[in-house]
Structures are given as structure tokens and as C-alpha cells.
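A.B. asks: Sending over a structure as C-alpha cells; questions will come in a sec.
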Protein chains: 2
Amino acid sequence: MGRETTPETLDAVLAASAASARVLARTTPDRRAAMLDALAAALDAAAGELVPLARAETHLPDSRLSGELRRTSFQARLLATRLREGLLADVRVDHADPDWPMGPRPDLRRTTVPLGPVLVFAAGNFPFAFGVAGGDTVSALAAGCPVVLKAHPGYPGLSRRTAEVVAAALTAAGAPEGAFALVEGVEAGVAAVRDERVRAVAFTGSQRAGRHLFDLACARETPIPFYGELGSTNPVVVTPAAWRERAGEIARGLAASFTLGSGQFCTKPGVVLVPDAAALTAALPPLTAGRMLTPETTGRFHTSIAELAAEPGVEISLCGDEAEDTGAAPVVLRTTAAAALARPAVLGTECFGPAALLVEYTDESEVYDVVAALGGHLTATVQAGSDGDEFALALVPLLAEHAGRVLWNDWPTGVTVSDAQQHGGPYPASTAPATTSVGTAAVARFLRPVAFQNVPDAALPAELRDDARGPRLVDGRRTG
Amino acid sequence: MGRETTPETLDAVLAASAASARVLARTTPDRRAAMLDALAAALDAAAGELVPLARAETHLPDSRLSGELRRTSFQARLLATRLREGLLADVRVDHADPDWPMGPRPDLRRTTVPLGPVLVFAAGNFPFAFGVAGGDTVSALAAGCPVVLKAHPGYPGLSRRTAEVVAAALTAAGAPEGAFALVEGVEAGVAAVRDERVRAVAFTGSQRAGRHLFDLACARETPIPFYGELGSTNPVVVTPAAWRERAGEIARGLAASFTLGSGQFCTKPGVVLVPDAAALTAALPPLTAGRMLTPETTGRFHTSIAELAAEPGVEISLCGDEAEDTGAAPVVLRTTAAAALARPAVLGTECFGPAALLVEYTDESEVYDVVAALGGHLTATVQAGSDGDEFALALVPLLAEHAGRVLWNDWPTGVTVSDAQQHGGPYPASTAPATTSVGTAAVARFLRPVAFQNVPDAALPAELRDDARGPRLVDGRRTG
């Protein structure tokens, strides 16, 4: 059962977090890398304990959870590596130049400093990767920010135990007291968003809850950045050429992707533009899905399906098998491009669970119109024919106007962690579309640039001194 | 006199801007660089016409205006240079890797795309550098975004003529119709902030007006980034050692800096911590300032001085000479650290004009307390003694917690344009402290990353193709 962090406890947590901020800010990148490595090692070492805890609370299978935990410790280690390599900062040095064309230039050196305490709302669907020690937490720590983690109520036991593992690992690696803490309960979360000691918020969850918290963050006397991932239907366009060439493969790929993890992925392909919805439905393999995260999740899934099916021109095309009486049978809905264009909101209606809406089109111009009517999404996918599918090529830049990641002949559910990953997109996919919540660029969300003018080496951050190594932009040239 | 852009005209402007966005987004960096070079050349060529227009409307001296125009065309050219060098994008390529530790990695390539139409509010105090063709305008154009420029009412004639020069230059350089337009009037500005076709706002001005517009931008159905620079008192700390060694030099430097341009600089040093306020006042050279921008500006200056002087413990220490009956005589106020700590708001009260508040401290601990009570500022300065001023060294990282730029034995009014410049800072200095509004990094405000997964070369942006040149992060290594 979830507990409610009391206002008194929250105050103490935030005080400790604020007090630790300056200490953390002055740690070297190597020291922060050591903390992240220690956190990763502790997670791996606790896998035998954490995975069963996660299974009991989320009903996700062990294989998925083990893989997710591996991903979670990997991303901490990748950030540690990039910290040591100096690749997470954006360091710029402009030496004094009396001949600078607009007038003499002083010595100016720019690096980044951490924002301070970061409030992270854990997500319900990834108890490790977007949970207590997930991407937002390690990104903030890599930036040198303390983390106050608002636990998701869907897995309280796992959250508390993971928090203990994380806190112990960080402390053993020399992190200051207050660098990490767990809080629980809606009221504590709301109060923390409003608290002046919190300097940034990261959130993954529903559009309703996320927008409410975003509004609170903007309305503060001192507004703070709110990095919210609020939902996406991840549209897919199957071109006529692709359909002619690979109908069976596309049907199998779609079925596997939209039912993966019982459809509880933020990158689930929820809207699929196809030339022939009936044929695609018929080509689907038998559909099954496991139990959903919580009874509430299952209930909301059924409600959202009913609401979507009640839209004009939308009907249920197929109901899959209900595995083990889980209450979460996969559902395929269908409509036409014309109907969707008459009610564009259906294109952005996320049914969180194993459901997909097929949108049948008659010609390319209808596809262009539907693409233009898309809102913001985490991903957008083209299923293209072999060489020479000019329609598919033309769709790529158009889909890029609506998504943070564009895929070609692939499915969006997998999200690798790397330097080039972009997990975000125009609102509501993200409240901060210029940022990513996955990949090494996620660290930049918690940093702020500061320039130092004519400051002597003795008072400069190490990476700005004349003898610093690592990648820098020096007098307009990349070095290191 | 200012005119009001009608709702019908505004709608047509925004429609044309939105229509041009896709065309501009697909221009190459070289093509955008050519547009910026053309804009710069046109501004320089029109100097003989624009500078007198500016002088008539702003009362700023020709020498200042000529220098400001030179800065303005320079920054357009610097962005053009960096565009050609590929230094404004953040390009990352991760090749497919079956052995990626968290699981096989697809080919993933990340670049940036422009946000779309940008609404720029010109500032009153820099009719060129933060005006119609100022830093925000050229940053947005460099990013590939069309610009809708809300003219400042303080120099309507100059705004209209500059807009004609800019529009003609851009058109001649191949920019699409709608890439640049001017609108006028408070209501048009407010309506544009709310319009869904506008995708970002840049603003330099008062905290009251800026916060109102920020709130509107956040409250939209689709919130958009609001890059607002809302004010700063640019605190200066004169250490005891500095005061012992260089009292006269510091007094002269301060006088020159806070009266420069009649104190109408966002980087004016408005709060000065000193060991001896009476001695600093006595050491100041004769103070004069020219006419302020408008009678309204002068009136607000006098009001703000009266309000600050009415605060407990604050008094007027010196009134300078009123040059040519301009109504804008420089004013020095004084208070004590103890009084300021009792009413920290006085430390953040910006008197826009030639005024500075001296804050006399008795010991180092009082300085630390005042620094901790500072809000967010564009700049913070240490006037330090010669080698071994440990107090000054200790202040640098503390001041960096409150400012976007930290200076050592220098004055903050000058703001060079370069790669390492940072013009921004914690709120209210900026509503987006992770960004800068001056320097080449300012372009990033108008870009959004997009990753392409398994997309063939033929559909990739040029900078992501295998044969692309230019700086990139490839499989975790910097190249180019």
C-alpha cells in the first residue's frame, strides 16, 4: 500500500536536498561517474531481490523485468562513461581578442552548472527504467543535482527497497546526505512541485496529471522547468508499396509491437494508417496480452476503448483472446481517414493498453491530410516498400514535424539508450520538446550555462582552465 | 506614433509565416547563411539612413548607435559563419550495434529541426541589437524559423524602415514570402502569443509585461517556450582587498558603467556591495547622463528611485548633474547589508536608468548572507584584490549560483557576441535559464531534436548521411 509522506517529512527531505545541492555541484565529473557506477553495481547485485518484488507488484514477466533492470544499470554506466569523457558538458572558451570585429573581446569561458534539487515522478509502466533509479534519476545525478523521487503508487514495495539500494550505494560512493530521497503520495508530490527549493521536475505519466503539475510549475513565483512526457499515439503509415510487398510481415510486426508489455509502452503504435483495414485485421496473428499493471489500469483501458469506439466512424474490428482471464484482451479498432479528419482528436486519443486504431485511407492525399492533422508524438513510423517508394521518402520530413523520433521499416516500442536517442516530441508528447528523457542528451535538462569573464584560473571550474582536457569549442574550433 | 496591427492583418501575417515555415525548414545551412549575410550587408548599407532615424526616436548618441548597428550586422555574420561550419547543430550518429550492452542497437541519427514561427518582442533600450534585426531575429532565422517581429513602441519609424530593409534583403537572398513580418501594438502582441501558429516567443523587457506574456504562453492548449529576459540588478561585490588597493579605479569604473547609455542597460550594475559606502560615494567622479529613451522611461525611473528610497534603511547618497535639463540625473542610493537582509526585495529592485544602490557591509559573513539572498541575475561581478584575495576566489562559485555570467575585475555593461557568451540567468533574469539570448548558442532556443531510426540516406537530412562533413558525435566520438 502507498503511504503518504507527511508535510513535516517532506520539509525535512527538501531541506536536506537543498543542503546537498551545493556539495554535489562541486563534485568532479569523475566523482559523479563513480557514484553512478556504484548505483549500477548495486542495482545489478540486488536483481535477485528486486525482480521478484517488481513482478509481485506489476505482474510483468521476469524476463521483461530482468531486461529492464539491465537497461537501467546500463544507462547509469553509460552516463558515467560520458561524464569521464567530458561529453555531457558544452564547454566553450573564447580567449580575449582585441581585434574581434564588433569591438575588443574579453576572455569568456562558458560551462554548465547543475540546477539544484530535481523532483522526479516515477512512471507506472517501467518500474526500473522509468522508476526510482530510472533515466530521470541518473540524468539528474549525472548533472550534479540531488533527486527527490516521488514514488509511483503502483509498486510501493519495490520503490522503497530500490530507494534503499540507491541511497546506500550513493552514500558509500561519497554522495552527500540528501542527494537522494523517496517521497510518496499525491499531496507530497504537489507540495514539492510548488516548493521553492525544487528547481526542476521530471514527469512521465498521463496528460491530465502531467498538465496539472506543469501548470503548477509555471505558476510558481519562480517558475521552473517541467520536463513532462504526457502521452503519444505513435502513428504508423503503411504505404501502398509496403502493403503490397510485406502485408504478412507488417501484420505480425504490428501485432507484436502493440501488444508488447500488454500495450503499456509510451511508444506503443496506437494509430496505423493502412490502405486496407479489413485485410490488415485479417492478416493479424492471434492476439494475446498479459495482465495489466493494476486493476485501475485495466479499468481505464476499457473505458478508453469504449470512448474511442463511440466516436463517429470508429468501430471495433477485432478483440483478441483474454489470456488467463486477465481482463486485458487486445483490441483492434478501425476508422477511415475521412472520419478521422472530421474528428482529428481520435488521432491523439491514447488507449493505454493493448489497442490499436487502424485508419484506412484511399489515396496519398488523404494520408498527407491525416499527417498534417497529427498533434505531437514521441515517434512516427513509415512502413515503406523496397527501393523507390517515393511516397514513403516524402513522408519522412512531414512526420518529423510531429515526432521526436522517426522510424523506417521498424517498430517504435523499443527505445535504445545511446547518444543519438531522442525521446520527446511536440506537445503533448513532451512539455519541453527541445529535450529528451532518454539517452545521454537527457542530462542537459538539469544544467544551466554560466559564462566566466576574465576570471583567473584559480576561481574557474576545472574544465575551463587553460590546462583542461576534454572536448571544448575554443575560439570557434572544436578541440579535444 | 505606434499603429495597431488589426486582427485581420495579424491573421494574414501569421498565415504567411506558418506557410513559410516548411520552406525555410528545408533550406540548407548554406542558404540560411546567405540570407543572414544579405541581411547584414543591407543593414550596413542603410546605416546612413537608420542611425539618424534611431537618434530621433531614442535620443541615443550617434556613436553609440553606429556601434550598436555594427554589432547587429556582426552577429548576423557570425551566425552565418557558424552555420556554414556546422557548429550550430548538435548532430549525433549511432550506427547499428548488435553488441550494444543493453541489447542490439538500431541505426539512430539525431539532428535538430526548427520549431516554426517565432514571435520576437523587440526591446526598447537597444533599437538595433535587440530591435527588429536583433539577436533574437537572426537566431530564429539561423535556426530556420520565420520571424514575426512585434515592434517596440519607442521607435516605430525606425522599426518600420528596418523591417523593410530586412524583408527586402531576405527576399533578394531567396527567403520565402512570410519569412519575416512586422506587427505593432499591445493587442496584436498578446493575440500572437496565444495563436497556435506561433511556436516560440522571445521577449526582452519588464518583469510585469514579460511575466504576463509568459503566463499566456504556458496556458495555451499547446504551451510553447517563452524566452523572456525580465530584469536584473547585476550585483557587484567589492572585496576589502580590492577597495584598499583600487578605490579610485573602482569608483571611476562603477560610475562609467552604471551611467552608460543613461543606465538603460539590462546589465547595468545596480547593486554594489562595498566596505565603505560613504567613501565610495565620495570617490565617484562627477556623474552625468544623457536624456532617457522616452518621457515615460524617465517617469518610471523617478518613480522607482522614490520607491526604493522609501524602503527602510535606504537613503539617497548622491544626485548627479542633470545634463541639459534631461530629467535623468544619476542617483546613488545607499543602505546596509543588515537592512538589505531584512528586506531582500531591495536587492532585486531594478531602477531602469542611471542609478546604483550601494550596500555597505561590515564583514565577510554579511557578504555571504547577502549573496545567498540574491535572486536570479544576468551577471554578477567580483572586484578583487591582487593575487591571494581568497575571499574573492570563494565568491565566484557562489555568485555563479545566481547569475548567467560572472565577471572578475571588469564591469558587466558590455556584452560581447561570441560562442562562449551567456546572456540569461536564474529567474527573473530569464524565464528559460538553460538558454542564452546573446551569442551563437542563442540559436538552440529555436531548434528541436529529432532522431531517425533505420532511415535510408535518401530520406535523411543531409547532415545525417554517411557522406556528411562537419562536426558530429559518431558512436560516442567527436569527429569533423
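The values are calculated or read from the model by the stated rules, or taken from the named source; none is laboratory data. On a predicted model such as this, the values are computed, not experimentally measured, just so you know. Cβ sites come from the backbone with ideal geometry, for glycine too, and all protein chains shown count toward neighbours.
A.B. asks: Among the residues of segment B:337-396, count how many are away from chain A (no Cβ under 14 Å), touching a residue at least 12 places away in the same chain (Cβ under 8 Å) and polar (S, T, N, Q). Please lay out each step first, then the result.
C.D. replies: Of all residues in segment B:337-396, those away from chain A (no Cβ under 14 Å) come to B:337-343, B:346-347, B:349-367, B:369-370.
Still in the list and also touching a residue at least 12 places away in the same chain (Cβ under 8 Å): B:337-343, B:346-347, B:349-362, B:364, B:366-367, B:369-370.
When the remaining residues are screened for being polar (S, T, N, Q), the result is B:349, B:362.
Residues in segment B:337-396 being away from chain A (no Cβ under 14 Å), touching a residue at least 12 places away in the same chain (Cβ under 8 Å) and polar (S, T, N, Q): 2 in total.
A.B. asks: Further, regarding this structure: Which one is farthest from A:G263 (Cα to Cα), of the residues in segment A:397-429 that are within 7 Å of chain B (Cβ to nearest Cβ) and among the acidic types (D, E)?
C.D. replies: That would be A:D419.
A.B. asks: Note down all Cβ pairs under 7 Å where the first residue falls in segment A:21-44 and is among the charged types (D, E, K, R), the second is not in a helix (DSSP H, G or I), and they're at least six residues apart or on different chains.
C.D. replies: A:R31/A:G174; A:R32/A:G144
A.B. asks: What number of residues in segment B:309-328 are buried (at least 19 other Cβ atoms within 10 Å of the Cβ) and within 19 Å of B:F265 (Cα to Cα)?
C.D. replies: 2
For (1) assigned by TED's automatic domain parsing to the domain that holds A:T58; (2) touching a helix residue (DSSP H, G or I) at 6+ places or on another chain (Cβ under 9 Å); (3) more than 25 Å from A:S430 (Cβ to Cβ), each residue gets a yes or a no:
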{"site": "A:A247", "(1), (2), (3)": "no, yes, yes"}
{"site": "A:I250", "(1), (2), (3)": "no, yes, yes"}
{"site": "A:A256", "(1), (2), (3)": "no, no, yes"}
{"site": "A:G261", "(1), (2), (3)": "no, yes, no"}
{"site": "A:C266", "(1), (2), (3)": "no, no, no"}
{"site": "A:P275", "(1), (2), (3)": "no, yes, yes"}
{"site": "A:P285", "(1), (2), (3)": "no, yes, yes"}
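A.B. asks: Now for a separate question. Quick one: in segment B:91-105, of everything that is at the interface with another protein chain (Cβ under 8 Å from one of its Cβ atoms) and buried (at least 18 other Cβ atoms within 10 Å of the Cβ), which residue is farthest from B:L293 (Cα to Cα)?
C.D. replies: B:M102
A.B. asks: Please state which one of B:A173, B:A169, B:A129 is within 13 Å of chain A (Cβ to nearest Cβ), among the aliphatic types (A, V, I, L, M) and farther than 30 Å from B:V455 by Cβ.
C.D. replies: B:A129
A.B. asks: While we're here: Within the group A:L83, A:L79, which residue is modelled with pLDDT of 95 or more, within 14 Å of chain B (Cβ to nearest Cβ) and touching a Ser or Thr at 6+ places or on another chain (Cβ under 8 Å)?
C.D. replies: A:L79
A.B. asks: Scan the strands (runs of 3 or more DSSP E) fully inside segment B:117-223 and keep the ones with 2 or more residues being under 17 Å from the mean Cα position of the chain (by Cα) and crowded, with 24+ Cβ neighbours inside 10 Å.
C.D. replies: Details: elements: B:118-121, B:147-150, B:180-183, B:200-204.
Of the strands (runs of 3 or more DSSP E) lying wholly inside segment B:117-223, those with at least 2 residues that are under 17 Å from the mean Cα position of the chain (by Cα) and crowded, with 24+ Cβ neighbours inside 10 Å span B:118-121, B:147-150, B:200-204.
A.B. asks: What tally of residues in segment B:376-413 results from selecting those that are out of contact with any strand residue (DSSP E or B) (no Cβ under 8 Å at 6 or more places or on another chain) and at pLDDT 95 or above?
C.D. replies: The number of residues fulfilling the criteria is 9.
A.B. asks: Scan segment A:7-51 for residues that are exposed (fewer than 15 other Cβ atoms within 10 Å of the Cβ) and not in a helix (DSSP H, G or I) and jot them down.
C.D. replies: Within segment A:7-51, A:R26, A:T28 meet the criteria.
A.B. asks: Is segment B:231-248 home to any residue that is more than 17 Å from B:V382 (Cβ to Cβ) and crowded, with 23+ Cβ neighbours inside 10 Å?
C.D. replies: yes
A.B. asks: Read through the list (1) in the same structural domain as A:R252 (by TED's automatic domain parsing); (2) under 21 Å from the mean Cα position of the chain (by Cα), then give the number of the only condition that A:L393 fails.
C.D. replies: It is condition (2) that A:L393 fails.
A.B. asks: Separate question: Can you pull out the residues in segment B:435-480 that are in contact with a His (Cβ under 9 Å, 6 or more places away or on another chain) and in contact (Cβ under 8 Å) with a residue 40 or more places away in the chain? Please lay out each step first, then the result.
C.D. replies: Of all residues in segment B:435-480, those in contact with a His (Cβ under 9 Å, 6 or more places away or on another chain) come to B:436-439, B:442, B:451, B:474-475.
Answer for segment B:435-480, where residues must be in contact with a His (Cβ under 9 Å, 6 or more places away or on another chain) and in contact (Cβ under 8 Å) with a residue 40 or more places away in the chain: B:S437, B:V438, B:A442, B:A451, B:V474, B:D475.
A.B. asks: Filter segment A:463-480 down to the residues that are modelled with pLDDT of 95 or more and of a type in the set (A, V, I, L, M), then identify the one that is nearest to the chain's Cα centre (by Cα).
C.D. replies: A:L473
A.B. asks: For segment B:97-116: of the residues being in contact (Cβ under 8 Å) with a residue 12 or more places away in the chain and in a loop (DSSP other than H, G, I, E, B), which is farthest from B:F446 (Cα to Cα)? Walk me through how you get there before you give the answer.
C.D. replies: Applying the first criterion (in contact (Cβ under 8 Å) with a residue 12 or more places away in the chain) to segment B:97-116 yields B:97, B:106-116.
Checking the rest, the ones that are also in a loop (DSSP other than H, G, I, E, B) come to B:106-107, B:115-116.
Values: B:P106: 28, B:D107: 26, B:L115: 6, B:G116: 8 Å.
Among those that are in contact (Cβ under 8 Å) with a residue 12 or more places away in the chain and in a loop (DSSP other than H, G, I, E, B), it is B:P106.
A.B. asks: Also, quick follow-up: Do the conditions hold for A:P223, that is, is it farther than 30 Å from A:V186 by Cβ and out of contact with any strand residue (DSSP E or B) (no Cβ under 9 Å at 6 or more places or on another chain)? Explain how you work it out, then say what you get.
C.D. replies: Working: farther than 30 Å from A:V186 by Cβ: no; out of contact with any strand residue (DSSP E or B) (no Cβ under 9 Å at 6 or more places or on another chain): yes.
When the stated conditions are applied, A:P223 does not pass them.
A.B. asks: Still on this structure, please answer the following. Here is a list: A:D419, A:D410. Which entry is assigned to a loop (DSSP other than H, G, I, E, B), more than 21 Å from B:L473 (Cβ to Cβ) and charged (D, E, K, R)?
C.D. replies: Working: A:D419 fails: more than 21 Å from B:L473 (Cβ to Cβ).
Matching residue, one of A:D419, A:D410: A:D410.
A.B. asks: Here's a follow-up. Yes or no: B:A54 touching a residue at least 60 places away in the same chain (Cβ under 8 Å), of a type outside the set (K, R) and assigned to a helix (DSSP H, G or I)?
C.D. replies: yes
A.B. asks: Taking strands (runs of 3 or more DSSP E) that fall entirely within segment B:430-480, which contain at least 3 residues that are within 7 Å of chain A (Cβ to nearest Cβ)? Explain how you work it out, then say what you get.
C.D. replies: Values: elements: B:447-453, B:472-474, B:477-479.
Fully inside segment B:430-480 and qualifying: B:447-453.
A.B. asks: What is the number of the single condition among (1) in contact with a Lys or Arg (Cβ under 7 Å, 6 or more places away or on another chain); (2) under 24 Å from A:R478 (Cα atoms) that B:L78 does not meet?
C.D. replies: Single failed check for B:L78: (1).
A.B. asks: Which residues, counting only those in segment B:414-437, are under 21 Å from B:L78 (Cα atoms) and not assigned by TED's automatic domain parsing to the domain that holds B:F128? Reasoning before the result, please.
C.D. replies: First, pick out the residues of segment B:414-437 that are under 21 Å from B:L78 (Cα atoms): B:414-424, B:435-437.
Within segment B:414-437, B:G414, B:V415, B:T416, B:V417, B:S418, B:D419, B:A420, B:Q421, B:Q422, B:H423, B:G424 meet the criteria.
A.B. asks: Another one. Quick check on my filter: what residues within segment B:221-235 are touching a residue at least 40 places away in the same chain (Cβ under 8 Å), within 13 Å of chain A (Cβ to nearest Cβ) and polar (S, T, N, Q)?
C.D. replies: B:N234
A.B. asks: Here's another thing I want to ask about it. Out of segment A:57-96, which residues are acidic (D, E) and part of a loop (DSSP other than H, G, I, E, B)?
C.D. replies: A:D90
A.B. asks: Among the candidates A:T72, A:T111, which residue alone is surrounded by 22 or more Cβ atoms within 10 Å (Cβ to Cβ), under 30 Å from B:T416 (Cα atoms), within 12 Å of chain B (Cβ to nearest Cβ) and hydroxyl-bearing (S, T, Y)?
C.D. replies: Exactly one residue qualifies, and that residue is A:T111.
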